[in-house]
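Remarks on the structure that follows.
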Amino acid sequence: MKGIVFTELMDMVEATFGADMMDDVLEDCSLESGGAYTSVGTYDHKELLEIVSILSKHSDIPVKDLVRKYGHHLFSRFHALMPQFFEGPKSAFEFLESVHSYIHVEVKKLYPDAALPSFETERQGEDTLIMIYKSQCPFADFAHGLMQGCIDFYKENIRIEGEDKNSGDGFCRVFTLTKQ
Ligand code: HEM
């Protein structure tokens, strides 16, 4: 997983819980990298899950909630860091439809070693978008948080429901997004 995903997490943890909390969490982790991340490096995604699970113990907030909160936060950071991806889409559905066919394609060009999920999208009428997440990594809750960040960015009122599916090797969640 790219270092930017780690450095942004650490920035969020420090801003939300304080620098001491971040130090305490790192002390309790046994990370191969030692917790010294650079935004352009590549690290095992399991390190991210370990940091979040120790943070969950220290903060008493469930892992799922922390991962979603982080996804939500990262969406606005992407807007600040990579505004070019926000020039075309005019709505949350349009943006979300561009993630697999455009944004992650460009991300892969920038970082050839990025391990990205796949998303299939399908509109069902005007008010519903189906988005199927598939990945080798268990980050469906992170996707959920990013989707919520996108919906809030466009100031829309859209409900997200997710259902995990068995997909053989890897992880799969079918998201149904419905305008309210
Ligand atoms: C400007 C918008 C976006 C940018 C620049 C972006 C970029 C990235 C980058 C750099 C990674 C890390 C890849 C790696 O570490 O190997 C990533 C992973 C990921 N992205 Fe995006 N992304 C964007 C929007 C989204 C949105 C809206 C979603 C959800 C619908 C999404 C879902 C994910 C997920 C779930 C992962 C984790 C890897 C996995 O599950 O396999 N991204 N993205």
Original post:
So which lysines can Lys108 reach, going by Cα to Cα under 21 Å and dropping same-chain residues fewer than 8 places off?
Top reply: Lys2, Lys46, Lys134
Original post:
Extension gain Lys108-Thr7, at 0.36 nm per residue separation less the Cα-Cα distance, in nm?
Top reply: 34.5 nm
Original post:
Straight-line reach from Lys90: which lysines have a Cα under 16 Å away, not including same-chain ones fewer than 8 places off?
Top reply: Lys155, Lys179
Subject >> Radius, Kirkwood style, for the stretch 3-61 when every pair of distinct Cα atoms is counted (Å) >> reply: 11.4
Subject >> Dimensions (Å) - the stretch 10-115, Cα atoms, principal axes, largest first >> reply: 43, 27, 20
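For Glu122 and Cys137, compute 0.36 nm times the residue count separating them, minus their Cα-Cα distance, and round to one decimal in nm. Present the calculation step by step, with values, prior to reporting the outcome.
Working: separation 15, 0.36 × 15 = 5.40 nm, distance 2.26 nm.
In short, 3.1 nm is gained.
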**OP:** Write down the Kirkwood hydrodynamic radius of the stretch 38-180, to one decimal in angstroms, obtained as one divided by the mean of 1/r over all alpha carbon pairs.
**Re:** 16.0
**OP:** Would you kindly state how much longer the chain becomes between Asp152 and Ile61 on full extension, computed as 0.36 nm times their sequence separation minus their alpha carbon distance, in nm to one decimal?
**Re:** 30.5 nm
Original post:
Which listed residue (Leu81, Thr121, Phe153) has the Cα farthest towards the positive end of the charge dipole for the chain, taking +1 on Lys and Arg C-beta and -1 on Asp and Glu C-beta about the Cα centre?
Top reply: Thr121
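When ligands, DNA and RNA are left out and all protein chains stay put, how many square angstrom of accessible area per residue does the chain have with a 1.4 Å probe? Don't jump to the answer; show the numbers that get you there.
Numbers: 9550 Å² over 180 residues.
Heavy-atom SASA per residue in the chain reads 53 Å².
Can you tell me the dipole magnitude for the chain around its Cα centre, using point charges on the Cβ only (Lys, Arg +1; Asp, Glu -1), in Debye to the nearest 20?
Computed about the Cα centre, the dipole is about 580 debye.
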Original post:
Using a probe of 1.4 angstrom, how much of the accessible area of the chain is carbon and sulfur, in percent?
Top reply: 50
**OP:** Can you work out the PRE-style zone for Gln180? Point 7 Å along Cα to Cβ, and I want the residues of the stretch 155-169 with backbone N under 14 Å.
**Re:** 155-161
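I'd like the FRET efficiency for Met21 and Arg77, computed as 1/(1 + (r/R0)^6) with the beta carbon distance as r and R0 of 22 Å, rounded to 0.05. Numbers along the way, then the final one.
Details: r = 19 Å, r/R0 = 0.88.
Given R0 = 22 Å and the Cβ-Cβ separation, E is 0.70.
Ranked from highest to lowest mean number of other Cβ atoms within 10 Å per residue, what is the order of the peptides 158-165, 93-100?
Working: 158-165: 13.4, 93-100: 19.5.
Descending mean neighbour count gives 93-100, 158-165.
The values are calculated or read from the model by the stated rules, or taken from the named source; none is laboratory data. The model shown is predicted, which means the values in this text are computed figures rather than measured ones. A quick note on method: Cβ atoms are made from the backbone with ideal geometry, for glycine too, and the neighbour counts reach across all protein chains shown. Accessible surface areas use protein heavy atoms only, side chains included; no ligands, DNA or RNA. Shrake-Rupley method; radii C 1.70, N 1.55, O 1.52, S 1.80 Å.
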